[in-house]
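Here, each number is a calculation from the coordinates, and none is a lab measurement. The structure presented is a predicted model; accordingly, all values stated were derived computationally and were not measured. Cβ: placed from backbone, ideal geometry, glycine included. Neighbour counts: every protein chain shown.
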Amino acid sequence: MKILVCISQAPDTTSKISFIDNDTRFNDDKVQFIVNPYDEWYALVRALEIKESLGGHVSAISVGGPALETVIRKVLAIGADDAIRIDAEPSDSFGVASAIAEYAKDKGYDLILTGKETIDYNGSEVGGMLAELLGLPFVSLASKLDLSEGKVVLETAAEGGLEIVTAPLPCVISAAKGMAEARIPNMRGIMAARTKPIEVAAGNAPALVQIKKFSLPAPKSSVKLIDPENVEQLVELLHNEAKVI
Amino acid sequence: MSVLIVAEIAKGAFRKSSLEAISYGSRIASKLEMNAIVLAIGTAADAQLALAGNYGAAKVIKVDHPNFQHPDSGAYTALIADVVASTQSSVVLFTHDNLGKAVAPRLSARLRAGLVSGATALPDLSEGFVVQKNVYSGKAMAAIAITTPVKIISLMPNSVSPVLSQGTAEVEAFSGSADGYKPQTSSRYEHTERDGEISLPEAELVVSAGRGLKGPENWGMIEELAGVLGAATACSRPVSDIGWRPHHEHVGQTGLAIRPNLYIAIGISGAIQHLAGVNGSKVIVVINKDPEAPFFKAADYGIVGDAFEIVPKLTAAIKKLKSAN
Ligand SMILES: Cc1cc2nc3c(=O)[nH]c(=O)nc-3n(C[C@H](O)[C@H](O)[C@H](O)COP(=O)(O)OP(=O)(O)OC[C@H]3O[C@@H](n4cnc5c(N)ncnc54)[C@H](O)[C@@H]3O)c2cc1C
């Protein structure tokens, strides 16, 4: 089993979000970057579990500059065998997907995993684009992934229940909560990660969209507190003032 | 030229989020002086499909074929790409839900058409084609320009209220043969939820509870409150992690992002990762026994008190309101 896991970095979930350059760029000053949770907790860990039970090789791939080294080392510490950094500066999901597709197209991966979405752009786009560029089947938001007779068997949420989807290999799958349990790297993993190879490959990241401006939501006006002895007043306000019930 | 809206059908009628997308697409079409055409995939009577006219669509193309029984991203993408070509569509709309997430990115790559996923407002056409969406899990917004000839948008449910109009839509069958769009994946459906349960991403009213509830056995009062309101239920991440509630109820930065009209948070502290998924709600009510709980800073209305006393009273008060109206 040759598995490729697509990794993105994202600002730590407690980061204060602000923008610079006339609100056109994210202010990364003092921001700590983490591995995008869906990529790390679900896609990567499930890939490692499959390797542990069936044998194989797990590579992680990420598109961006040298600053990605920290999150790449983390992924290697958790257990990926090696990693590829495509040295390009993508400005949208299509750029990321194109760079990965160009690299992956003749490498013979059996399974390519992405996280459900990144917690910065929240697009849920890279997996589907990558599958299309590689001409592979794609199943999004799988909360369970098993291999059976050369196929992947997945669970995805559906209206009122779930779909059990069977897809042939090779394919691209995006991983949602439930697919695996997050792992914390141990000392041995961290030591081993220092010497695991990171291939740096040249690449292109063409864009289809451009971010023009960021903005922050308007601050909430202060909360109206209601006496716990007078819950009916809340209902009255929701009905007559807020008009939501 | 036209605007094509990919609409989903559930139980013989358009989904609510698809009606929102039809209205949104029709409003773009009228600004661009184009026709709004709906591609309806699934089984519904023509009379139901014609209702798209009430939301501004001129035409509905219906496709009802076993190849589209489940949302195989490849088969859907191939079909939609062909319909985009035959209708000369320059804008394609999806809902930002499971189907939209599976298909819109594929279509974007196939047509080299710029995609904005999870749009929250109508595009600004004053300088090009600029679409607004939430980023950083609801902590910020971005205005994104699409410059490619074909533009794709997936619309966040509950973001833009549909506008009703008087029009009628003509319904026609897909003119090509659907046989060729063979799915590469197969699928079996398993019904797991109770009937009548309200889908969380589309819900207008949501009752959500956290670790303050102490244990899964105490969710009866939450479900009862949701029941009288006609609301969906949600929960914080630790609650779904420990298995008190199903994963699909988990909202927040690493769960679902939702934008209901009313979000009632009970026994939830309001951690930044939780707020990220719910701060697009129009009205937030917080019930928490700790007056210092951070959630009060993000709330419109709040009650400081014990959920076990307040929730039953709230349910009773809402019952009273409902019976008076
Ligand atoms: C990377 C990362 C991602 C995360 N993503 C998410 C996410 O997507 N969604 C999410 O929800 N969390 C997420 N979290 C977790 C988040 O930080 C909080 O830990 C979590 O939201 C807390 O859940 P809670 O409010 O239910 O529990 P607690 O923080 O334990 O709060 C319980 C609250 O209940 C109140 N309470 C107790 N008893 C009563 C009573 N009888 N009546 C009324 N109130 C009572 C308490 O005052 C308290 O405010 C994430 C964390 C990390 C690190």
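Brief remarks follow.
- J(HN,Hα) series, the range A:170-176, from Karplus relation 6.51 cos²θ - 1.76 cosθ + 1.60, nearest Hz, glycine and proline x: x, 7, 10, 10, 9, 9, 10
- Of A:53, A:174, A:98, the one that fluctuates the most in a GNM where chain A has Cα springs shorter than 10 Å: A:53
- Sites residue B:182 and residue B:31 - FRET efficiency at Förster radius 56 Å, r taken between beta-carbons, to 0.05: 0.90
- Antiparallel beta bridges, as assigned by DSSP with both residues in the range A:2-214, represent about 40 percent of the total such bridges.
- Taking every residue in B:93-106 and counting other chain Cβ atoms within 10 Å of its Cβ, the average works out to 5.
- R0 of 25 Å, Cβ-Cβ distance residue B:88-residue A:215: FRET efficiency to nearest 0.05: 0.15
- Spin-label model, residue A:191 to residue A:148: label points 7 Å out along the Cα-to-beta-carbon direction sit 4.1 nm apart.
- Under 5 Å between amide hydrogens, built in the peptide plane, is the criterion, and for residue B:117 it picks out B:154 among residues at least 5 positions away or on other chains.
- A simple spin-label model places pseudo-atoms 7 Å from Cα toward Cβ; at residue B:45 and residue B:112 they are separated by 4.7 nm.
- Counting Cβ atoms of other protein chains within 10 Å of each residue's Cβ and taking the mean over peptide B:60-71 gives 1.
- The alpha carbon convex hull volume per residue for the range A:2-214 rounds to 134 Å³.
- Amide H to amide H, with H built 1.01 Å from N, residue B:10 comes under 5 Å of B:15, counting only residues 5 or more places away or on other chains.
- Each residue of the range B:209-224 is assigned a 3J(HN,Hα), and the resulting list reads 9, x, 5, x, 7, 6, x, x, 5, 8, 7, x, 5, 5, 5, 5 Hz, derived from the Karplus form 6.51 cos²θ - 1.76 cosθ + 1.60 (θ = phi - 60°), x at Gly and Pro.
- Residues in the range B:277-321 that a label on residue A:239 would reach, taking backbone N under 14 Å of a point 7 Å out along Cα→Cβ: B:314-321
- Cα-projected label distance for residue A:107 with residue B:161, points at 7 Å along beta-carbon direction, nm: 5.0 nm
- Backbone amide hydrogens, once placed in the peptide plane, bring residue A:212 within less than 5 Å of B:143, B:144, B:145, excluding anything fewer than 5 places away on its chain.
- Note that the range B:64-76 has calculated 3J(HN,Hα) couplings of 10, 8, x, 4, 10, 4, 10, x, 6, 4, x, 5, 4 Hz, one per residue in order, obtained from phi through the Karplus relation 6.51 cos²θ - 1.76 cosθ + 1.60 (θ = phi - 60°); glycine and proline are x.
- Sparse packing (at most 15 other Cβ atoms within 10 Å of the Cβ) combined with a DSSP loop state is found for the following trypsin sites (Lys or Arg not before Pro) in the range B:282-325: B:282.
- Efficiency of FRET from Cβ geometry, residue B:170 and residue B:242, R₀ 56 Å, rounded to 0.05: 0.60
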